[in-house]
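Take a look at the structure set out below.
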Amino acid sequence: AAAVTFDLLLIGCLLAFGARLRRGREGRALGIALAYAWCAYPFSLFALQTNTNDALVAVLVLLALLAWSSGALRGAMLGLAAAVKFAPLALAPLLLRGSRPTMRDSAMFVTALVVVIAVSVAGHLPDGGLREFWDATIGWQLGRSSPFSPWGLYSGFDWLQAIAKVAAAGLALSLIALPRRRNLRQLAALAGAVIIAVQLTAEYWFYLYIVWFAPLVLIAAMGDYRVEPWRAGSRARTMAEPVSG
């Protein structure tokens, strides 16, 4: 039931994104196209069949993006996403600035992010306190290995993995200021790029993690196109055209 709920929430978020990226009927059509693409994507079914919470990560990240104009709500949604999986924390530099960058908005974002994560952790602390919590979560994750990542499959590439980590950190931190002007589709594309970069550095990786960034990639790829009528003789056809501007 939880996995189905997360999947339905994600479909709702994609419908909402379509309405935010386009107005009126065109926005509804884009939202339906995004939702259909998600439902038709094999890895969305994989997450459903394995009954995981991975789709919830994508839901909360999309909600954080949709709350772009509210620092407090944006920070709260990202804090919840980080409470589900730690990787979304890498999006904090990107989401520090909202649609109207001000010191107050950024302060509200940071405050909400820290408070939500602190409350989430405090509510699930084991008897051993923070030390046991670390060992059972981040510490345990750092020690895991998987043959599905190049670092887990092959040995002797620690130097290359270190370079990948520095590059991923550099990408995430650079988004505090760059690009100076951004729209919602660009935010989705950049968020997807950061999550992919973080996953590329992980020793432990599995196919379910694709669900974290797949909706962001769909928005970035499809959000720049719209369907417009094209008439040739007496036959009406449709074609996808890039949106100018």
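Which value, to two decimals, describes the C-alpha radius of gyration of the stretch 57-164 once divided by 2.2 N^0.38 Å?
Dividing the Cα radius of gyration by 2.2 N^0.38 Å gives 1.28.
What part of the accessible area of the chain, given as a whole %, is carbon or sulfur when the probe is 1.4 angstrom?
Answer for the chain: carbon and sulfur cover 65 percent of the accessible area.
Cα axis of helix 54-66 to longest principal axis of the chain: angle in degrees, 0 to 90, nearest 10?
Long axis of 54-66 versus the principal axis of the chain: about 60 degrees.
Need one word for the stretch 1-78: rounded, prolate or oblate. Basis is the Cα gyration tensor (sqrt eigenvalues a ≥ b ≥ c); a/c below 1.5 gives rounded, then a/b vs b/c decides.
Because a/c hits 1.5 or more and a/b fails to exceed b/c, the stretch 1-78 counts as oblate.
Which whole-angstrom value gives the distance between the alpha carbon centres of the stretch 70-148 and the stretch 162-182?
18 Å
If DNA, RNA and ligands are ignored and the probe is 1.4 Å, what is the ranking of Val217, Val198 by accessible area, most exposed first?
Largest accessible area first, the residues go Val217, Val198.
Residue by residue, what Karplus-based ³J(HN,Hα) values in Hz, rounded to whole numbers, does the stretch 75-86 have, using 6.51, -1.76 and 1.60 with θ = phi - 60° and x for Gly and Pro?
After applying 6.51 cos²θ - 1.76 cosθ + 1.60, I find x, 5, 5, 5, x, 5, 4, 5, 6, 7, 9, 6 Hz.
Per residue, how much space in cubic angstrom lies within the convex hull of the C-alpha atoms of the chain?
159 Å³
Assuming a ≥ b ≥ c are the square roots of the Cα gyration tensor eigenvalues, decide whether the stretch 112-204 counts as rounded (a/c under 1.5), prolate (otherwise, with a/b larger than b/c) or oblate.
Oblate.
Cys13: accessible area at probe 1.4 Å, nearest 10 Å²?
Approximately 10 Å² of Cys13 is accessible to the 1.4 Å probe.
Amide H neighbours of Tyr225 under 5 Å, counting only residues 5+ apart in sequence or on other chains, H built in-plane at 1.01 Å?
Val243
May I ask you to give the solvent-accessible area per residue for the stretch 5-54, in square angstrom, as obtained with a 1.4 angstrom probe?
57 Å²
Suppose only helical runs count, i.e. DSSP H with n ≥ 4. What mean residue ellipticity at 222 nm does that imply for the chain under -39500 (n - 2.57) per run, divided by all residues and rounded to the nearest 500 deg cm²/dmol?
Mean residue ellipticity at 222 nm (helix-derived): -20500 deg cm²/dmol.
Kindly write out, for the stretch 158-172 in residue order, the coupling ³J(HN,Hα) from the Karplus curve 6.51 cos²θ - 1.76 cosθ + 1.60 (θ = phi - 60°), rounded to whole Hz, with x marking Gly and Pro.
Result, ordered by residue: 4, 5, 6, 5, 4, 5, 4, 5, 5, 5, 5, 5, x, 4, 4 Hz.
Accessible surface of Met222 in the full protein assembly, 1.4 angstrom probe, to the nearest 10 Å²?
Solvent-accessible area, nearest 10 Å²: 60 Å².
Given +1 on the Cβ of Lys and Arg, -1 on the Cβ of Asp and Glu, and no further charges, what dipole in debye does the chain carry about its Cα centre, rounded to the nearest 20?
Rounded to the nearest 20 debye, it is 1280 debye.
Helix 2-21: angle to the longest alpha-carbon principal axis of the chain, degrees 0 to 90, nearest 10?
It works out to around 50 degrees.
The values are calculated or read from the model by the stated rules, or taken from the named source; none is laboratory data. If you're wondering where the values come from, they're calculated on a predicted model, not measured in any experiment. All Cβ positions, even for glycine, are placed from backbone atoms using ideal geometry, and neighbour counts span all protein chains on display. Calculation scope for accessible area: heavy atoms of the full protein, side chains included, ligands and nucleic acids excluded. Shrake-Rupley method; radii C 1.70, N 1.55, O 1.52, S 1.80 Å.
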